[in-house]
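Peer 1: Quick one: this structure, given as structure tokens, is what I'll be asking you about.
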Amino acid sequence: MNRRDALNRVVLLMGGVLSGPTLMAMKQWDNPGAFVPGSVGLTESQKSVVAQVAEMILPRTDTPGAKDAGVPDFIEMMLNDCYAQPEHTSFKKGVDQLLEAGFLNQSEQQRTVTLKGVEQQTKSLMQAFNVRQSKMGDNEDKLLMDNQNQGLPFWRLMKELTLLGYYTSEVGLNASYQYVPVPGKFENIKLKPNQKVFAY
Amino acid sequence: MYLNLKSKQENSFDAIVVGSGMTGGIAAKELTEKGLTVLMIERGREVKHIEGYETAMNTPWELQHRDKATINSLEEHWANNRFNSMANDEKMMFMTNDKQNPYVEKRPFDWIRAYHTGGKSMHWGRQSYRWNEQDFEANAKDGIGVDWPIRYKELVPWYEYIEKFVGVSGQKENWSVLPDSNFLPAMPMTPPELYFRKKMKEKLNRPVTIGRIANLTKAQPWHTELGRASCQYRNKCSRGCPYGGYYSSLSGAIPAAARTNRLTMVHNGIVSEIMYDAETQKAKGVRVIDQNTKETTEYFAKIIFLNAGSMNTAALLLNSKSSRFQNGMGNDSDQVGRNIMDHHLGVGANATIEGFEDDYVFGQRPNALYIPRFRNWGGDKQNNYIRGYRYQGGANRADWKRGVNADGFGATFKQDLTQPGTWTIGFGGFGEVLPNPNNRMSLDPVKKDQWGVPLIVFDAAFGENEFAMRKDIALSAAEMLDAAGFKNINTYNRPEVHLGLGIHDMGTARMGKDPKTSVLNNFNQVHDCKNVFVTDGAAMASSSCVNPSLTYMAFTARAADHAVSELKKKNL
């Protein structure tokens with residue numbers, strides 16, 4: 001490997017990394033008190049969009065879907081409690097664009113097409129914002145981006161919070177994984193066919 | 001000031017230990033076991049073992065915000081959350097409120113504190129390593145800082161003693177760069193990690209071992225008699241372990257001290273000052289402010305151990321002024337508060353691994369791989385920096401989080417995320433930081449906290465040696481992953497890095513041979529006030545690149561032994 005090339009590699013790791021108010025926390029030391037708690041303040045139709053998009057990401061199948069697991073309320077709570085104005089703005093902007101595109105009246109097929117478009121646009125936005133990941137402390141990955149005031153894009157927030165809300169909820173976790181709160185041992189095993197992920 | 005005028009006799013002990021964390025616990029244990037009556041003073045609230053671990057048995061959905069910190073927490077715990085979400089619902093109770101305990105930054109410093117019983121030992125990383133022979137010789141060899149007044153061999157029996165008590169799991173390797181401890185059984189490596197270890201040996205001749213960690217893989221009788229049990233592989237250590245599976249001051253040293261019936265504990269007691277007796281030329285006691293009532297109490301003892309955490313220990317010395325010590329106790333050398341060191345981190349590389357699709361693990365290993373220092377070691381010589389670094393990291397199968405950055409949504413996407421993802425692997429470096437007298441903390445001449453104690457001012461930053469090392473850390477990590485044949489290699493080197501976040505802050509009252517250039521002698525005694533011992537990280541004259549707690553504890557046990565022996569000889 002060329003040592004110089006290695007330093008220029010910036011890809012988002014396949015393991016995934018979560019966002020958070022850390023994005024803002026960077027500048028706390030020279031700007032204390034700049035990020036005050038506030039409500040994202042979603043209207044009823046905005047809430048409907050959030051619920052429908054969540055359900056499109058993780059639909060009810062033979063296992064419960066996002067709505068069954070209470071994901072829409074979770075997303076709003078998380079936006080209120082864990083994100084500040086930049087993400088509130090970027091999130092609502094994405095919701096409003098879907099409203100304007102008539103998302104709520106679209107068929108499921110049309111919604112799929114719409115969201116695939118949003119997904120592709122988000123990828124370009126993430127590149128333009130230079131969103132990247134870094135290890136912060138000892139063992140925690142975080143997203144970094146240029147100009148934090150623009151907020152992470154709607155789709156990136158929506159997807160993360162939907163997955164987080166679902167796979168860590170009582171309904172979603174138990175439907176998806178084998179929950180092992182006290183494993184009692186650590187061992188290498190071979191994967192059995194249809195082996196569920198262990199959750200701890 | 002409200003002065004609590006209890007009788008002097010009632011408030012007198014053989015020894016006072018300031019702080020109940022990693023080293024305060026060991027000091028209290030050793031001194032009480034050797035027959036002394038000890039008063040341990042903790043500035044924060046009381047946490048009780050097991051019942052105080054409020055989130056220990058919480059399910060994922062019982063943590064309202066999962067592992068994220070809230071905006072409110074960001075305000076209240078701004079130093080904790082500046083780069084990590086440390087003060088989240090899961091472990092906020094072991095993080096200190098930065099807003100109520102402010103400090104001043106001339107240059108930014110990530111000061112992570114733990115004001116409660118057990119201190120930072122409640123949420124430490126538990127990685128436990130001996131320093132090597134060269135670590136103690138490096139300052140003399142490089143002409144940097146001051147030479148250590150002690151060598152590795154003198155510390156060996158104390159390492160052995162602490163390792164046995166604490167319980168350190170690991171693999172014997174016979175490497176001079178990373179001397180073996182007395183180990184409990186090692187935790188297993190996963191198949192891709194074993195493959196990586198083999199490739200590193202073949203291609204780069206770099207050693208890889210499983211982390212050496214203070215989690216009980218097999219509890220021994222002296223652990224179980226204190227109520228500790230073997231690790232349950234939940235990997236939720238930072239919530240506090242109701243099984244006592246990992247070592248903390250609260251699960252180990254404090255119960256050991258308490259069973260002697262010679263330990264008295266005071267909580268919510270902020271030690272503002274060490275009182276000096278000009279007649280005896282010794283410290284006579286400490287002044288303590290109750291953080292709730294603000295009442296002041298004086299306590300007296302023959303010896304005083306400072307284990308408040310490196311920065312607070314130095315602040316306490318600086319704030320202890322007398323006609324003899326006008327610039328702070330033990331500060332004739334003007335070295336108290338200087339030479340702040342830490343380990344720099346947030347730099348490394350990661351990759352994805354093809355294959356091993358059938359391999360999976362049961363349980364959560366609270367541990368990772370360790371690659372000891374290979375730079376400026378043996379035949380290796382770097383031109384643009386001295387000393388070295390080591391890596392921590394390992395391989396895991398991706399979980400649902402991979403879906404966040406991946407394309408797709410809908411039924412198939414949802415189904416896919418119930419299966420384990422590809423293996424990913426990553427290594428982050430921890431680099432040695434050089435002692436620099438200009439990296440310092442001092443007391444603000446004007447600003448005081450709500451208890452009237454001067455605020456600490458930090459004025460410190462990494463230097464050229466550290467930044468040159470960081471580039472190599474990222475590149476060498478990428479090279480190793482490439483040599484092993486892994487794909488999608490990604491390097492990272494956090495742009496903004498401050499001292500402190502390694503939470504290995506040390507060096508503010510260094511040991512040395514010469515009282516003119518150091519604060520402590522070879523038994524951690526303040527040169528000109530020998531009944532005051534500093535055995536936390538403040539005592540360190542250099543930082544090595546390995547995790548420091550084991551060494552702090554070994555120094556503490558050694559100093560306590562010396563203290564008792566000197567007391568018996570009536571030298572103190």
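Peer 1: Quick check: is even one residue across the stretch A:158-176 more than 9 Å from chain B (Cβ to nearest Cβ), touching a residue at least 12 places away in the same chain (Cβ under 8 Å) and aliphatic (A, V, I, L, M)?
Peer 2: yes
Peer 1: Taking only the stretch B:142-154 into account, find how many residues are closer than 20 Å to B:W377 by Cβ and under 22 Å from the mean Cα position of the chain (by Cα).
Peer 2: Number satisfying all stated conditions: 4.
Peer 1: Also, quick follow-up: I'm trying to understand the selection: among the residues of the stretch B:118-146, which are away from chain A (no Cβ under 14 Å) and in contact with a Gly (Cβ under 7 Å, 6 or more places away or on another chain)?
Peer 2: B:G118, B:G119, B:S121, B:M122, B:N139, B:V146
Peer 1: Residues of the stretch B:51-62 being over 22 Å from the mean Cα position of the chain (by Cα), more than 8 Å from every other protein chain (Cβ to nearest Cβ) and in contact (Cβ under 8 Å) with a residue 24 or more places away in the chain, which ones?
Peer 2: B:E54, B:T55, B:N58
Peer 1: Ok, one more. Within the stretch A:58-89, work out how many residues are over 13 Å from the mean Cα position of the chain (by Cα), buried (at least 22 other Cβ atoms within 10 Å of the Cβ) and more than 11 Å from chain B (Cβ to nearest Cβ).
Peer 2: Count: 0.
Peer 1: Of the conditions (1) under 26 Å from B:K401 (Cα atoms); (2) touching a residue at least 40 places away in the same chain (Cβ under 8 Å), B:G44 fails just one. Which one is it?
Peer 2: (1)
Peer 1: May I pose another question? Across the stretch B:69-100, which residue is farthest from the other protein chains (Cβ to nearest Cβ) among those that are assigned to a loop (DSSP other than H, G, I, E, B) and aliphatic (A, V, I, L, M)?
Peer 2: Only one residue tops the list, namely B:M95.
Peer 1: Name, by its number, the condition in (1) within 24 Å of B:H562 (Cα to Cα); (2) within 14 Å of another protein chain (Cβ to nearest Cβ) that does not hold for B:R66.
Peer 2: Result: B:R66 fails condition (1) only.
Peer 1: Go through the residues of the stretch A:135-150 one by one and say whether even a single one is closer than 14 Å to A:A54 by Cα, surrounded by fewer than 20 Cβ atoms within 10 Å (Cβ to Cβ) and either among the polar types (S, T, N, Q) or modelled with pLDDT of 85 or more (or both).
Peer 2: No, the stretch A:135-150 contains no residue that is closer than 14 Å to A:A54 by Cα, surrounded by fewer than 20 Cβ atoms within 10 Å (Cβ to Cβ) and either among the polar types (S, T, N, Q) or modelled with pLDDT of 85 or more (or both).
Peer 1: So, in the stretch B:480-510, of the ones that are over 26 Å from the mean Cα position of the chain (by Cα) and either part of a loop (DSSP other than H, G, I, E, B) or surrounded by fewer than 20 Cβ atoms within 10 Å (Cβ to Cβ) (or both), which residue ends up nearest to the other protein chains (Cβ to nearest Cβ)?
Peer 2: My answer is B:D482.
Peer 1: Which one of B:E273, B:E225 is more than 14 Å from chain A (Cβ to nearest Cβ), within 30 Å of B:Q9 (Cβ to Cβ) and not aliphatic (A, V, I, L, M)?
Peer 2: B:E273
Peer 1: May I pose another question? Could you tell me which numbered condition B:K201 fails, if it satisfies all but one of (1) assigned to a helix (DSSP H, G or I); (2) charged (D, E, K, R); (3) within 14 Å of chain A (Cβ to nearest Cβ)?
Peer 2: Going through (1) assigned to a helix (DSSP H, G or I); (2) charged (D, E, K, R); (3) within 14 Å of chain A (Cβ to nearest Cβ) one by one, B:K201 breaks only (3).
Peer 1: Right, here's the next one. Take the stretch B:356-377 and flag every residue that is more than 9 Å from chain A (Cβ to nearest Cβ), touching a residue at least 60 places away in the same chain (Cβ under 8 Å) and surrounded by fewer than 23 Cβ atoms within 10 Å (Cβ to Cβ).
Peer 2: B:F356, B:L369, B:P372, B:F374, B:R375, B:W377
Peer 1: If you go through the stretch B:21-36 one residue at a time, do you hit one that is within 14 Å of chain A (Cβ to nearest Cβ), within 23 Å of the chain's Cα centre (by Cα) and buried (at least 24 other Cβ atoms within 10 Å of the Cβ)?
Peer 2: no
Peer 1: So is B:K516 surrounded by fewer than 23 Cβ atoms within 10 Å (Cβ to Cβ), at pLDDT 95 or above and part of a loop (DSSP other than H, G, I, E, B) or not?
Peer 2: Yes: the conditions hold for B:K516.
Peer 1: Anything in the stretch B:260-294 that is farther than 22 Å from B:N312 by Cβ and in contact with an Asp or Glu (Cβ under 9 Å, 6 or more places away or on another chain)? List them, or say none.
Peer 2: B:T260, B:R262, B:Q281 - these are the residues of the stretch B:260-294 that are farther than 22 Å from B:N312 by Cβ and in contact with an Asp or Glu (Cβ under 9 Å, 6 or more places away or on another chain).
Peer 1: Before we move on, is A:F186 buried (at least 19 other Cβ atoms within 10 Å of the Cβ) and more than 7 Å from chain B (Cβ to nearest Cβ)?
Peer 2: Judged against the criteria, A:F186 is not a match.
Peer 1: Which of the residues belonging to the stretch B:394-435 are outside any loop (DSSP other than H, G, I, E, B) and more than 9 Å from chain A (Cβ to nearest Cβ)?
Peer 2: Within the stretch B:394-435, B:G394, B:A395, B:T412, B:D416, B:W423, B:I425, B:F427, B:G429, B:G431 meet the criteria.
Peer 1: Out of curiosity, is B:Y385 out of contact with any Cys (no Cβ under 7 Å at 6 or more places or on another chain) and in a loop (DSSP other than H, G, I, E, B)?
Peer 2: yes
The values are calculated or read from the model by the stated rules, or taken from the named source; none is laboratory data. Note that this is a predicted model, so its numbers are computed, not measured. Backbone-built Cβ (ideal geometry, glycine too); neighbour counts: all protein chains shown.
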